[in-house]
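Below you'll find the structure, written out as structure tokens, and then a few comments.
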Amino acid sequence: MDFEAIDPATGIRPFDPLKGVLPVADSLSAGNLRGHGFVNFTISPKNSTVTGDTMLAQASIIFDINDPVITNTEKHTIDAVAPISDLIVQSFFNDTLTLKLVASDDPGGSGLAYYDLYLAQDSLNYITYLVNHKDSLVKLTGLPGKQYSFFSIATDNVGNRESMKNGADGSFLIPLDTNYAPIVFYSGDSLKRLNQVICAGSTINSCFTVLEVDSDLVFYNFPEFPKHGNVNYSFTSNGVCVNYLPDQSFGGLDSVLFTACDLVSGCDSVWIIYQVDSLFNWYADVDLDGYGVTSSAIHACYKPNGYVRDSADCNDNEYMINPGVPELCDTIDNNCNLIVDESCLAGINIKVFIEGFYNGPGTMAAVLDPVNKPHLCDSIIVSLASPNAPYLPLFTDSRVIRTNGLATFYFPASIVGQSFYIVVKHRNSIETWSKFPLTFVSSVLTFDFTQ
């Protein structure tokens, strides 16, 4: 960073070369910043940073031909994630709700600073009820017969703000009658139906809070039990927890009806609807070619990391041997059909890194499907060009290259014994040619463009 001195009296550069950028720090500078300089700058962290990452800043100051003056190192710790929050009903008395904030920041984060509370009456438009509120408890007096919905948006101590929510954290109907029936809550919300998703063979626990304003004796009951599983329940100091275990072979909908009643004012009830997802066989895919082997089977409802549904691989240590590849003329059953070299092709194993996708060392970005196929980069075209002018391309194949730069390309078996320039092209980029023609002395050739 370079500076230019400006004479404040003239507004132009000083003609005296001995005048510097700053005034002299002399007896007149005592108690003020005369002769002092500073620089302000702002740095935005990358989108890939995570909480706990640090940024260091240090400056070297050189006056004329003097030795550098090294400043202290300034360290800033990143808080990359916004907090999450939820408002629940803690109590109700005389038409007054007490709401409680339950909030958390990510581990290592800066912590909750404050939250805003949004409120709607009878599902009308939400209003901002409280701004920059810090107390975890809020009292709200409502009107009998009115339904109140509410949610919170939290902000942490570095300004990360929770995303706007699509729905309420909870809702509450202020009763018209002074004799109040019990009210069943789940996560702060009084509801009539709770939808739960569960994998067959596992259990799910749903805990309900029962609010009895009149202090009447409350009775719990289960008028409907599940037809495709078992329920166990346990009582708490202010409600009940329902534990559901579906049959391992079942997939579909099942349900439980829970009621809470007193002898004076009636009952409140909630249906628990369980969406039971079926178990599947999954197979480890060690070589990441999309196929696994039967010996590695596990049972799960959802795809475990590194597992696939197809078990037709015959060599899970070699990604170019699986049912989805062409057969090479190499005395190996490449396509796993128990036949060797039927209608076989010649191939070339290529290693190449794509400029712009290279992350180094030895790896590229997953471009096509970073989430589901993090080992695949992008498709490239490989051509075999004539070794003689005008060096026309004679054979072409397109394949997806892996993030480690490897891919195999296939050509007619008749090319064995012939020589070609190897040409690689990625989309609209400039072609890359091998320096010399290469001879297919066998049906499989290997060439490394990174050497």
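We did not get these values from a lab; they are worked out from the coordinates using the rules stated. On a predicted model such as this, the values are computed, not experimentally measured, just so you know. When we count neighbours, we look across all protein chains shown, and the Cβ atoms used for this are built from the backbone with ideal geometry, even at glycine.
Any idea which of SER44, ASN359, ILE348 is furthest toward the positive side of the dipole for the chain, if Lys and Arg beta-carbons carry +1 and Asp and Glu beta-carbons -1? Projecting each Cα onto the dipole axis, the largest value belongs to SER44. Shown is the FRET efficiency for GLU4 and LYS165, computed with R0 = 35 Å from the Cβ-Cβ distance and rounded to the nearest 0.05: 0.10. If each of ASN132 and ILE12 carries a label point 7 Å out from its Cα toward its Cβ, how far apart are those two points in nm? Each label point lies 7 Å from its Cα, and together they span 4.9 nm. Take the alpha-carbon centre of region 381-413, take the same for region 416-451, and report the distance between them in whole Å. The distance from the Cα centre of region 381-413 to that of region 416-451 comes to 6 Å. Cross-link pairs exceeding 28 Å between alpha carbons, from the set LYS165/LYS192; LYS75/LYS373; LYS373/LYS435: LYS75/LYS373; LYS373/LYS435. Each Lys and Arg contributes +1 and each Asp and Glu -1, all at the Cβ; summed about the Cα centre of the chain, the dipole is approximately 620 debye.
Summarising the label geometry, the points placed 7 Å from Cα in the beta-carbon direction at VAL441 and ASN205 lie 6.8 nm from one another. Cys residues of the chain that find no other Cys beta carbon under 4.7 Å: CYS377. The protection proxy used here, the mean number of other Cβ atoms lying within 10 Å of each residue, ranks peptides 131-138, 237-244, 311-318 as follows, highest first: 311-318, 237-244, 131-138. Globularity index of region 173-266 is 1.19 (Cα radius of gyration / 2.2 N^0.38 Å, N = number of residues). Listed values for region 412-420 are Karplus-derived 3J(HN,Hα) couplings in whole Hz (6.51 cos²θ - 1.76 cosθ + 1.60, θ = phi - 60°), namely x, 5, 5, 7, 4, x, 9, 10, 8, and x replaces Gly and Pro. Spacing of the modelled spin labels on VAL264 and SER278, each 7 Å from Cα toward Cβ, amounts to 5.2 nm. On full extension, the segment bounded by MET55 and ASP369 gains 110.0 nm, given 0.36 nm per residue less the C-alpha separation. Legend: translational diffusion of the chain by Stokes-Einstein, Rh = Kirkwood radius over C-alpha pairs, 25 °C, 0.890 mPa s; D = 81 µm²/s. Between the listed residues ALA120, ASN160, SER85, the Cα displaced farthest toward the positive end of the dipole of region 84-173, a dipole computed from Cβ unit charges relative to the Cα centre, is found at ALA120. Centre-to-centre separation between the Cα atoms of region 106-176 and those of region 238-270: 28 Å.
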